[in-house]
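The values are calculated or read from the model by the stated rules, or taken from the named source; none is laboratory data. All figures in this text were calculated on a predicted structure; none of them were measured in a lab. No Cβ is skipped: glycine too gets one built from the backbone with ideal geometry, and neighbour counts run over all protein chains shown.
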Amino acid sequence: MLATVQPTAPEAHVERSASDLEAVFDVPVRVSVVLGRTKMPVSALLKLDTGTVIELDRQVGEAVEIFINERLVARGEIVLVENKLGVTMTEIIKPQ
């Protein structure tokens, strides 16, 4: 017996809300923020100690990169909230 599938008409604009994503609310994702980068030889890396300052390739106030599961999704700024560092998103990167 063969079944045929009838194409459906495109849906009209449907209002979506956060509750539509409820099935994925508990899916863990890895969020990383890159403050800056540097290169150094292994010999210098082995000499690092508590309190060592490492010069990065970014300036104070420059945007940081925000990655989700190793994919660049946004840029933002570092903020201080109740003595803890945080990030506020200032630009969302659209996928190509």
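Brief remarks on what is shown
- Residue tally, condition of a type outside the set (A, V, I, L, M) and closer than 30 Å to Met89 by Cα, over the stretch 34-49: 4
- Any hit, the stretch 20-31, residues being touching a Gly at 6+ places or on another chain (Cβ under 8 Å) and in a loop (DSSP other than H, G, I, E, B): no
- Of all residues in the stretch 48-77, those satisfying the criterion of being at pLDDT 90 or above and of a type in the set (A, V, I, L, M) are Leu48, Val53, Ile54, Leu56, Ala63, Val64, Ile66, Ile68, Leu72, Val73, Ala74.
- Some residue of the stretch 34-41 being touching a strand residue (DSSP E or B) at 6+ places or on another chain (Cβ under 7 Å), modelled with pLDDT under 95 and assigned to a strand (DSSP E or B): yes
- Looking across the stretch 64-96, the residues that are assigned to a strand (DSSP E or B) and in contact with a Leu (Cβ under 8 Å, 6 or more places away or on another chain) come down to Val64, Glu65, Ile66, Ile78, Val79, Gly86.
- Scoring Gly61 on the criteria (1) in contact (Cβ under 8 Å) with a residue 24 or more places away in the chain; (2) exposed (fewer than 11 other Cβ atoms within 10 Å of the Cβ); (3) of a type in the set (Gly, Ala, Ser) leaves a single failure, condition (1).
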